[in-house]
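Structure incoming, see below.
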Amino acid sequence: MKNIMTIGASTSRNSINKKLAEYAGDLLKNVNLIKIDLNDYEMPLFSVDIENEKGFPKATIEFNSIIDKVDGFIISLAEHNGAYSATFKNSFDWLSRIDGKVWRNKPMLLLSTSPGGRGGQSVMELALSRFPHSGGKIIGSMTFPSFHDNFQNGDIVNSKLKANLIGQVNNFEKAL
């Protein structure tokens, strides 16, 4: 059985990106989902000085160990001022110090959502250009606009968005 990591790249307790990543993960068949909550991996603000003085934070080592063991990733990126959330970026910075190929060339489905009509398009563009340099084997990507209008009571109510996500998940599953 394959192990798939889902990450909602936000620290919000009610993260819409976490909901979307886990929803997509739940569409997979015969996999073990490892649902990551970034709140469980607190790390100090990345600094070469901290790394030199104290080494890698325990949370970084634990997170990296999980990345080593999974077979693929479903990541839904929160957009903060057009870029990654601070917590996700900080985690990414620390992880890249252990292994520059953070994502280990494993299959990855990238998602993003927001309450607005662009669905995190700016952060998606950033990730699509950056992640391949960090070992991201991007199988598919999708922005999901107007989350609260299109995702209600635990399900996608917009048929076009739902069909698109199912297609993305099926392609990801084939790549595993």
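Where Rh denotes the Kirkwood radius from the mean inverse Cα pair distance, what is Rg over Rh for the chain?
Rounded to two decimals, Rg/Rh equals 0.96.
Using a 7 Å offset from the Cα along the Cα-to-Cβ direction at both Ile98 and Asn158, what is the distance between the two label points in nm, to one decimal?
Between Ile98 and Asn158, the simple spin-label model gives 3.6 nm.
How far, in nm, would the chain grow between Ser12 and Asp37 when pulled straight, counting 0.36 nm per residue and subtracting the alpha carbon separation?
Gain on stretching Ser12 to Asp37: 8.1 nm.
Hey, another quick one. Helix 86-98 versus the longest principal axis of the chain: what angle, 0 to 90°, nearest 10, using Cα atoms?
The two axes meet at around 50 degrees.
Further question: How far is helix 58-69 tilted off the main Cα axis of the chain, in degrees rounded to 10, range 0 to 90?
Taking the Cα atoms of the chain, the angle to 58-69 is about 50 degrees.
Right, next: Relative to the longest principal Cα axis of the chain, at what angle does helix 159-175 sit, 0 to 90 degrees, rounded to 10?
50
If you don't mind, another one. Of Lys69/Lys160; Lys19/Lys101; Lys54/Lys106; Lys101/Lys160, which sit over 28 Å apart, Cα to Cα?
Pairs exceeding the cut-off: Lys69/Lys160; Lys54/Lys106; Lys101/Lys160.
Right, another one. How big is the C-alpha Rg of the stretch 77-145 next to the rule-of-thumb value 2.2 N^0.38 Å, as a ratio?
The value comes to 1.08.
Next question. Mind checking which aspartates and glutamates have their Cα closer than 20 Å to the Cα of Lys29? Skip sequence neighbours fewer than 8 apart in that chain.
Hits, sequence-local ones excluded: Asp71, Asp155, Glu173.
Where does the chain land at 222 nm, in deg cm²/dmol rounded to the nearest 500, when only DSSP H runs of n ≥ 4 count, each adding -39500 (n - 2.57), divided by all residues?
When only DSSP H runs of four or more count, the value is -12500 deg cm²/dmol.
Once fully extended, how much extra length lies between His148 and Lys58, figured as 0.36 nm per residue of separation less the alpha-carbon to alpha-carbon distance?
Working it through step by step, the gained length comes to 28.8 nm.
Just so you know, all these numbers are worked out from the coordinates, no wet-lab data involved. Since the structure is predicted, the reported quantities are computational estimates derived from the model, not experimental observations. No Cβ is skipped: glycine too gets one built from the backbone with ideal geometry, and neighbour counts run over all protein chains shown.
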